[in-house]
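Quick notes on the structure that follows.
The values are calculated or read from the model by the stated rules, or taken from the named source; none is laboratory data. Since we're looking at a predicted model, the values are computed, not measured. In this analysis, Cβ positions are derived from the backbone assuming ideal geometry, glycine residues included, and neighbour counts consider all displayed protein chains. Each accessible area value is taken on the protein alone, full model and side chains, heavy atoms only, with ligands, DNA and RNA left out. Shrake-Rupley method; radii C 1.70, N 1.55, O 1.52, S 1.80 Å.
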Amino acid sequence: MVDSPRITVSLKGKFGATRETAIIDTGYTGGVVIPLETALKIGMDKVGEGIIELADGTNKTTEIFTVGTTINGVEKDTTALVMGNEVLVGMAAIQPFRVCVDGGTRKATLEETSQKRVMTMVRSFVGGEK
Amino acid sequence: MSQLTDRGREIYNDLYPVLVANEGDYVAIEITTGDFFVADSLDKAILMARSKYPDKEFYCTQIGKETVFSFANRVTGVR
């Protein structure tokens, strides 16, 4: 995933916090995926288990954790899986945003869609710019 | 599979006739009581489940699917 678009995400666990450059994985329907080393460093709360479908179509039972995330200034508790060697941000984590990718730098920028909707409504209400 | 997933899956199958009305939503099931929490995201379902059972773990899945999450998602749209 060398050329995949990336964003900065802050992760806050039970013991500590870290700021990571994460790959936006539109193929993943969940929240975030965190490597074991990072998960051990920040301390994550196991909340359950579930079956996940891997990219090759096979299923696997896995543990599910929660972690505090801050993406584009939006803080929330997000479900997380522990696997792999890079931090991934899935579709559930970027659901509040519109994602724009710079094809040259592969850097992604996020825009909060609900906020934009509110701003548009406010502008419309006060009769400002369209 | 672990006991949590095994038992959770059994309860989910029993509950399915009730849960099917919320197909596509997420459910977190507490396996000792059979209590369950449905929301449009797993984050919200877990939040509700944890507010009632702060120290418990839950079987999690997406209603109508065998899996809770997929790495084989295809993003679709109109160009």
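When the gyration tensor of chain B is built from Cα positions, what are the square roots of 5 times its three eigenvalues, in whole Å, from largest to smallest? Walk me through the intermediate numbers first.
Numbers: eigenvalues 106, 40, 31 Å².
Values for chain B, descending: 23, 14, 12 Å.
Once phi is turned into θ = phi - 60°, what whole-Hz ³J(HN,Hα) does the Karplus curve with 6.51, -1.76 and 1.60 give for every residue of segment A:73-87, x standing for Gly and Pro?
Values per residue, Gly and Pro as x: x, 9, 9, 6, 7, 10, 6, 9, 10, 10, 5, x, 10, 9, 7 Hz.
Hey, what angle do you get for helix A:113-126 against the long axis of chain A, alpha-carbon based, 0 to 90 degrees rounded to 10?
Long axis of A:113-126 versus the principal axis of chain A: about 10 degrees.
How many percent of Cα pairs in the protein assembly as shown exceed 20 Å?
Of the Cα pairs, 60 percent sit more than 20 Å apart.
Can you give the Kirkwood hydrodynamic radius for segment A:20-95, in Å, rounded to one decimal and based on Cα pairs? Present the calculation step by step, with values, prior to reporting the outcome.
Working: mean 1/r = 0.0793 Å⁻¹.
The answer is 12.6 Å.
Can you tell me what share of the DSSP beta bridges in segment A:1-105 is antiparallel? A percent to the nearest 5 is fine.
85 percent
Would you work out the relative contact order for chain B, in percent, from Cα pairs under 8 angstrom that are 6 or more residues apart?
31 percent
In what sequence, largest accessible area first, do A:Met83, B:Met48 appear using a 1.4 Å probe?
Ranked list, largest accessible area first: B:Met48, A:Met83.
Quick one: Karplus J couplings for segment B:26-40, per residue in order, coefficients 6.51, -1.76, 1.60, θ = phi - 60°, nearest Hz, x for Gly and Pro?
10, 10, 10, 10, 8, 7, 7, 9, x, 5, 9, 9, 10, 8, 7
Put B:Thr67, A:Thr61 in order of accessible area, largest first, 1.4 Å probe: what do you get?
Accessible-area ranking of B:Thr67, A:Thr61, largest first: A:Thr61, B:Thr67.
Please list, by residue number, every one of the GluC sites (Glu not before Pro) in segment B:1-34 that is coil in DSSP and has at most 13 other beta-carbon atoms within 10 Å.
B:Glu23
Inside 10 Å of the C-beta atoms of A:24-31, what's the mean count of C-beta atoms belonging to other chains?
5
Could you give each residue of segment A:30-47 its phi-based ³J(HN,Hα) in whole Hz, using Karplus coefficients 6.51, -1.76, 1.60 with θ = phi - 60°, and x for Gly or Pro?
Ordered by residue, 3J(HN,Hα) equals x, x, 10, 10, 10, x, 3, 4, 5, 4, 5, 5, 9, x, 10, 9, 6, 10 Hz.
To the nearest 10 square angstrom, how much accessible area does A:Ile51 have with a 1.4 angstrom probe?
10 Å²
How many partner chain Cβ atoms sit within 10 Å of a residue's Cβ in peptide A:53-66, on average, as a whole number?
The shielding value for this peptide is 4.
Once amide H atoms are built 1.01 Å from N in the peptide plane, which residues 5 or more positions from B:Asp25, or in another chain, come under 5 Å H to H?
Residues meeting the amide H criterion: B:Ile63.
Under 37 °C and 0.692 mPa s, how fast does segment B:1-46 diffuse according to Stokes-Einstein, given a Kirkwood radius computed over C-alpha pairs? Answer in µm²/s, whole number.
304 µm²/s
Among the trypsin sites (Lys or Arg not before Pro) within segment B:1-76, which fall in a DSSP loop and have no more than 10 other Cβ atoms within 10 Å of their own Cβ?
Sites meeting the loop and neighbour criteria: B:Arg74.
Using modelled backbone amide H atoms (1.01 Å from N, in-plane), which distant-in-sequence or interchain residues come within less than 5 Å of A:Met83's amide H?
Amide H to amide H, under 5 Å and 5 or more residues apart or across chains, A:Met83 pairs with A:Ile34, A:Leu36.
Amide H to amide H under 5 Å from B:Asp35: which residues, 5+ apart in sequence or cross-chain, H placed 1.01 Å off N in plane?
The list, which skips near neighbours in sequence, is B:Glu30.
GNM on chain B, C-alpha springs below 10 Å: top fluctuator among B:Val68, B:Val18, B:Val38?
Checking each option, the largest mean-square fluctuation is seen for B:Val18.
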